[in-house]
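A quick write-up on the structure given underneath.
The values are calculated or read from the model by the stated rules, or taken from the named source; none is laboratory data. All values derive from a computational prediction rather than experimental measurement. Every residue, glycine among them, receives a Cβ derived from its backbone with ideal geometry; neighbour counts consider all protein chains shown. Side chains included, ligands, DNA and RNA excluded: accessible areas come from the protein's heavy atoms. Shrake-Rupley method; radii C 1.70, N 1.55, O 1.52, S 1.80 Å.
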Amino acid sequence: MGRKFQNQNSQAITKNLLHLTFLHFNTSDFMPIFTFNFGVPSDSLFMANRNTYVSEKCSIMEEKKWVIKEKGDPEVISKLAKELNIDEILAQLLIQRNITSFDQARAFFRPELKDLHDPFLMVDMDKAVERINTALQRNERILVYGDYDVDGTTSVAMMYSFLHQFHKNIDYYIPDRYSEGYGISEKSIEYAEKNNVSLVVALDCGIKAIDKIAMANEKNIDYVICDHHTPADTLPDAYAILDPKRADSQYPFKELSGCGVGFKLIQAFLSANNMDMSKAYEYLDMLAVSIASDIVPLIGENRVLAHYGLKKINDNPSVALKAIMEVSELDKHIVISDIVFKIGPRLNAAGRMDSGQMAVDLLVSKELEEARAISQKIDNENKSRKDVDRQITNEALDLVMQEGLDSKKSIVLFNPNWLKGVIGIVASRLVEHYYKPTIIFTRSNGLITGSARSVFGFNIYEAITECGDLLENYGGHMYAAGLSIKEENFNIFKSRFEEVVRKRIKPDQTVQKIHADAVITLDQITPKFFRILKQFEPFGPENMTPVFITENLYDSGFSRCVGKDGKHLKLMLADKKGGETLFPSIAFNQAEHWHKVADKTNFHICYSIDENTYRNKTTIQLRIKDIHFNKYHSQKATEKITNSSTNKNS
C-alpha cells in the first residue's frame, strides 16, 4: 500500500541492441506443439504423436485435420518485419502472439526482471506479509503446506527454504494423494494443532477450502493462502488470500502458477523488510520447473520468470535440480521441454507412487550426495510409474474393445484395481488414440474416483455437470476434470454421460487437429531464420513451438525406418525431384508412410523446426508431426484454447 516496488539486478535494453542483433541460444531441443491434453513424449505424462502402447494394440487413427492460424494484417506484418529486420514469416508469428510493435517485440525477445509487477498490487499482500512478520517476531510455529504435484511441491520447497533462513521453528507438509486427496485436509489441520502450529502458509491450494478454514479458525490456526485457481463466489475466511484470479483482484497478470504466487509473497516480504531482492531470484530455477510442469501460459510474468529460471538451471542450478538432471540424463542446455518431458514427471512420480513429501525432501536438500540418493529413489518410482501406466493402459485398451466402446462417442471405464495416481495419464493416452472424451475410474476410499480428459473444443466439465446429481463431488475445467461417485451409480452415470456427449459434441470435434502457424517453403528456412526462431523460447501455452506446413515435397531416396522395431521414419526431403538442397527430417511413429514416400510420391508435411546433434555436429532437422499425400484437409483457425480451471482434483 503506497510502497514503490523496485527490482534489483536488472538492466535496461536499448532499441539498438534489439535491432539487427538477435542472440544465439545454444539450444538443442524444442517443445512440441501441445494438443488439448498437452501431449509429450512417452517418458512424461503423454505422447507427442501416437502413443506407442496404443499403436501396438489398435489400428491407426483417421487422418488429422490441419488448422492454419490467421495470418494477420499484411501491412502490420510488413511494417514490423522492417522495424526488426526479420523475415515476414517471423513477423507473422509475432503478430499471431499479439506482438505488434517494436517495444512489444523488445519485451518479448529480451525479458527483464524489472518488468515484474509490484507484488503489493495483489489483494491481501500487506496482510500476508504482516502475519508472517508477526510469526517470526513471536517465534510462532509455521507450517508450509502444498499440493502433491510439481507446482505444489516446488511451492512448498521454495517457501520453506526461504523462510527457514530467518526462522527455524518451521516445518512442511504434503497431503497423501490416496488417504487425504487434493487440497487442505482435516488430517493436516489436526497435525497442525497437535504440533502447536499457529500459522499455515498454504500454496497451490485452499481457494475453495471454506469448511477446512472454518475448522482451522476454531483451533486458532491462521492461514495465508497462495493459490492460482479460480475461486468460487464465496472465499474461505482465511487471514489472507493471495490469488490473482480473485474477483476483486487488480493484479495485472492472472496466469501465475501456484509457485509463482508464492514467489510474489517472497518478493513482497523482502521489499517490506528492505532486503535484497536477489534473495528471491535464488529460487527462479525451482519456479521455472513449476511454470513448465503446471502448463500455465508462457506469456507476461511467466515468460520473464521462466527465462531467468532456465538461465539459472543452466548456469547455477540448486543441488536438488542438479541431482534430478543427472538421473534424467540431461547433460545439455536445458529448455522447457526437458522439464516437461524429464524433470516434471519424476517429481510427480513421488506423489503418484509414494508421497509428494519425498519431492520436497529432495528440493530442500543442501548436500549433493543427499540429493542424489533421493533423486535415485524418485527415479525408481518413476520407472515403476511407467510400468504401471503401461500395464493399465493395455488393460484399458482391451476393455474398450471388449465393451465395444470404440463405436461410442465417449469412453468410460472402471477397474477397482487400477492405481489412482496414474488414471489421469491413462485417460489421456486413450484420448490421444481414440480421440473421444474419456473418463477412467478406480476405487478409492469407499467411492469410485475418476479422471476425465477431453478433445479439443469439447467442454468435459460442462458434460459432467449435466450428470452432477449422480456424483458425490467433482471439479475441473474444459479439458480435464476429477469426480467421485458411488459404485452403484456407475452404470447409470456411464449411460447418461454417453447421451450427453452424443448430444453436445460437434462433428468437427471428433477429428484430431494440428494447429499450424504458416505455410512456408524449404528455402525460407535459413540459418538466420532458425536463429531468430529459437529466440521465441521459452515455448508453452500461448507461445507454442511454431508449426509449419510445406507442400509438394519428395524424398531424395534416402528414406528409411529407424528406431526400435522400425517405428520411426527418417527422411531427406527435397522440394522437387532431384533437388540439390536436402533437409533431414524425422517422423516419429509414422513408419506406415514409408512405402508411399519411397515410391517418390509427392506429399505435404506439417512440422516444427528442430536441431539434431550427431558426433558433435549440429544440423537443422524437421520434426514431422503429420504427412498427407493428397491435398491436406485444412481450415482457418477460429477456436481458442482456454487455460482456466475451476478446481484441481483430477
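For region 251-278, what are the residues that are among the basic types (K, R) and either in contact with a Leu (Cβ under 6 Å, 6 or more places away or on another chain) or surrounded by 24 or more Cβ atoms within 10 Å (Cβ to Cβ) (or both)? K264 - this is the single residue of region 251-278 that is among the basic types (K, R) and either in contact with a Leu (Cβ under 6 Å, 6 or more places away or on another chain) or surrounded by 24 or more Cβ atoms within 10 Å (Cβ to Cβ) (or both). Applying the set (1) farther than 25 Å from A280 by Cα; (2) in contact with a helix residue (DSSP H, G or I) (Cβ under 7 Å, 6 or more places away or on another chain) to T154 leaves exactly one unmet item: (1). Candidates in region 174-186 are the residues that are of a type in the set (G, A, S) and either under 19 Å from H228 (Cβ atoms) or within 25 Å of the chain's Cα centre (by Cα) (or both); of these, the one that is surrounded by the fewest Cβ atoms within 10 Å (Cβ to Cβ) is G181. Among the residues of region 355-368, those that are farther than 13 Å from L321 by Cα and either open to solvent by less than 50 Å² (accessible area, probe 1.4 Å) or touching a helix residue (DSSP H, G or I) at 6+ places or on another chain (Cβ under 6 Å) (or both) comprise S355, G356, M358.
Contact map, region 530-557: first residue over 21 Å from P584 (Cβ atoms), second residue basic (K, R) and surrounded by fewer than 23 Cβ atoms within 10 Å (Cβ to Cβ), Cβ cut-off under 9 Å, separation 6 or more or different chains; pairs are F536/R97; P538/R303; G540/R303; E542/R97; N543/R97; N543/R303.
Which count do you get for residues in region 254-267 that are in a loop (DSSP other than H, G, I, E, B) and closer than 11 Å to P119 by Cβ?
1
Taking the stated definitions as given, is D171 surrounded by fewer than 23 Cβ atoms within 10 Å (Cβ to Cβ), among the charged types (D, E, K, R) and part of a strand (DSSP E or B)? Yes; evaluated as a whole, the condition is true for this residue.
Residues that are more than 26 Å from A427 (Cβ to Cβ) and open to solvent by 40 Å² or more (accessible area, probe 1.4 Å) within region 369-401 comprise E369, E370, R372, A373, Q376, K377, listed in sequence order. Only a single criterion out of (1) in a helix (DSSP H, G or I); (2) modelled with pLDDT under 95; (3) open to solvent by less than 70 Å² (accessible area, probe 1.4 Å); (4) in contact with an Asp or Glu (Cβ under 8 Å, 6 or more places away or on another chain) is not satisfied by D523, namely (3). Contact annotation: residue pairs with Cβ atoms under 6 Å, 6 or more positions apart or on different chains, pairing a residue in region 468-493 that is more than 18 Å from T230 (Cα to Cα) with a partner that is part of a loop (DSSP other than H, G, I, E, B), are F493/C467.
Filtered by the rule that a residue be open to solvent by less than 20 Å² (accessible area, probe 1.4 Å) and either polar (S, T, N, Q) or on the phi > 0 side of the Ramachandran plot (or both), region 149-168 gives T153, T154, S155, S161. Among the residues making up region 78-106, those that are open to solvent by 50 Å² or more (accessible area, probe 1.4 Å) and in a helix (DSSP H, G or I) are K79, K82, E83, E88, D103, Q104, R106. Scanning region 137-148 for residues that are modelled with pLDDT of 95 or more, of a type outside the set (G, A, S) and either open to solvent by less than 10 Å² (accessible area, probe 1.4 Å) or under 30 Å from G181 (Cα atoms) (or both) gives E140, R141, I142, L143, V144, Y145. Selection within region 122-160: residues that are part of a helix (DSSP H, G or I) and in contact with a Ser or Thr (Cβ under 6 Å, 6 or more places away or on another chain). The member of this set that is farthest from C226 (Cα to Cα) is V150.
Could we say that N417 is under 20 Å from V388 (Cβ atoms) and surrounded by fewer than 23 Cβ atoms within 10 Å (Cβ to Cβ) here?
Criteria met by N417.
Kindly establish whether D248 is surrounded by fewer than 22 Cβ atoms within 10 Å (Cβ to Cβ), farther than 26 Å from I142 by Cα and of a type in the set (D, E, K, R). So D248 passes the test.
Does M325 satisfy being hydrophobic (A, V, I, L, M, F, W, C), touching a Leu at 6+ places or on another chain (Cβ under 6 Å), open to solvent by less than 40 Å² (accessible area, probe 1.4 Å) and at pLDDT 95 or above?
no
As for region 496-516, it holds no residue that is part of a strand (DSSP E or B), open to solvent by 20 Å² or more (accessible area, probe 1.4 Å) and of a type in the set (S, T, N, Q).
Within region 402-413, restricting attention to residues that are in contact with a helix residue (DSSP H, G or I) (Cβ under 9 Å, 6 or more places away or on another chain) and open to solvent by 40 Å² or more (accessible area, probe 1.4 Å), which residue is farthest from I464 (Cα to Cα)? The qualifying residue farthest from I464 (Cα to Cα) is D406. Provide a single number: the residues in region 187-232 that are among the acidic types (D, E), touching a Leu at 6+ places or on another chain (Cβ under 9 Å) and either open to solvent by 10 Å² or more (accessible area, probe 1.4 Å) or in a helix (DSSP H, G or I) (or both). The number of residues fulfilling the criteria is 1.
State which residue is surrounded by the most Cβ atoms within 10 Å (Cβ to Cβ) when the search covers only region 526-545 and only residues that are within 14 Å of P297 (Cβ to Cβ) and not aromatic (F, W, Y). For region 526-545, the residue satisfying everything is G540.
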